[in-house]
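Just so it is clear, none of the values below were taken in a lab; they were calculated from the coordinates. Values in this document were obtained by computation on a predicted structure and should not be read as measured data. A quick note on method: Cβ atoms are made from the backbone with ideal geometry, for glycine too, and the neighbour counts reach across all protein chains shown.
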Amino acid sequence: MIQSMTGFGKASLQLPTKKITVEIKSLNSKGLDLNTRMPSVFREMELGLRNQISQRLERGKVDFSLYVEVTGEETTSKINVPIIKGYINQMKAVIPTADETELMKMAVRMPDALKTERDEIDENEWKQIQTVIDEALENIANFRKDEGASLEKEFQLRISNINNLMNEAVSYDAERVETVKTRLRTALDELKVNVDENRFEQELIFYLEKYDITEEKVRLGNHLNYFLETLNGTEANGRKLGFITQEMGREINTMGSKSNHTEMQKLVVMMKDELEKIKEQVLNVL
């Protein structure tokens, strides 16, 4: 079953003092274009995280976000006591009679009055966060599978439409041959010349061979079947499906250039329209 590159996955976990939320979004892309957003404390884990995401999602423009919401009384900002005391002592030296409460208010607003301590990664906490990441990856994978199932139904419908249109176009082939014969015979009659019937038939066969679409019909039919086989494969096959649609387009274009018949040309245009719809959606296939 095919998978789409479009997807969304989210998971969250409540720890004693913080809430962890992971969101992963993906759109189609030729390769893996991964963008990560997370608190700086977890940056040292980014390389392993990128490898984990690339192995699971393979392709797509992926946005990974890790949010940490502090829900307890923890804070990484601490009062820098020696600095504040130093400010107060300096201000007392300038204004000996100043009220200490007012000096304190002034000191805490001075540079470096607060210091931010860098958190260290808690291994147990990271293991819990890892379970949230795994859950979000599982959710986006399931989303992609569901989208892939919808795409598969769409492809099967379009392939069936092209096959039906191709067979309908071929049904006009006998009528087209008779039309060509009649047109050539009428032109010769108007010239009022004697024509060797055997030679006429030979030239007519040679003329019609240039407009014969049997080979194109066979090749297009093979491409349609191969597309469906690839669709049901177990491997990621978006690129292969794209190559097959290119070959399908070549055969349809050749049929169009050979089908000097109004109804056949209309059907060829309809086949092209169906193929373009397939090409648009193939870009989303993993």
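Assorted remarks:
- Stretchable slack from Val70 to Glu276, in nm (0.36 nm times residue separation minus alpha-carbon distance): 69.2 nm
- Seen from Gln281, the other residues with C-beta closer than 12 Å to its C-beta sum to a net charge of -2, counting Lys and Arg as +1 and Asp and Glu as -1.
- If R0 is taken as 22 Å, the Cβ-Cβ distance between Arg183 and Thr214 corresponds to a FRET efficiency of 0.55.
- Couplings 3J(HN,Hα) for the range 78-89, derived from phi with the Karplus relation 6.51 cos²θ - 1.76 cosθ + 1.60 (θ = phi - 60°), are 10, 6, 8, 4, x, 5, 5, 4, x, 4, 4, 4 Hz, where x marks Gly and Pro.
- Fluctuation leader among Ala169, Ala93, Ala136 - the chain, Gaussian network, Cα springs under 10 angstrom: Ala93
- Computed [θ] at 222 nm, helices only, for the chain once each DSSP H run of length n ≥ 4 contributes -39500 (n - 2.57): -21000 deg cm²/dmol
- Once backbone amide H atoms are built at 1.01 Å from N, Met5 has Val285, Leu286 as its partners under 5 Å, excluding neighbours fewer than 5 places away on the same chain.
- Farthest towards the positive end of the charge dipole of the chain, among the residues Gly9, Met264, Ala113, is the Cα of Ala113, using unit charges on the Cβ of Lys, Arg, Asp and Glu.
- Calculated FRET value between Lys145 and Glu175, using beta carbons and R₀ = 51 Å, to 0.05: 0.65
- Considering only Val268, Val62, Val70, the mean-square fluctuation computed in a Gaussian network model of the chain, springs between alpha carbons under 10 angstrom, is largest for Val70.
- Model label sites at Val94 and Leu47, defined 7 Å from Cα along the beta-carbon direction, differ in position by 4.9 nm.
- Taking 7 Å steps out from each Cα toward its Cβ at Phe8 and Leu27 produces label points 1.4 nm apart.
- Among Gln90, Gln246, Gln14: highest mean-square fluctuation, GNM of the chain, C-alpha pairs under 10 Å: Gln90
- Within the shell of other residues whose beta carbon sits under 12 angstrom from the beta carbon of Arg239, the net charge comes to +1, with Lys and Arg scored +1 and Asp and Glu -1.
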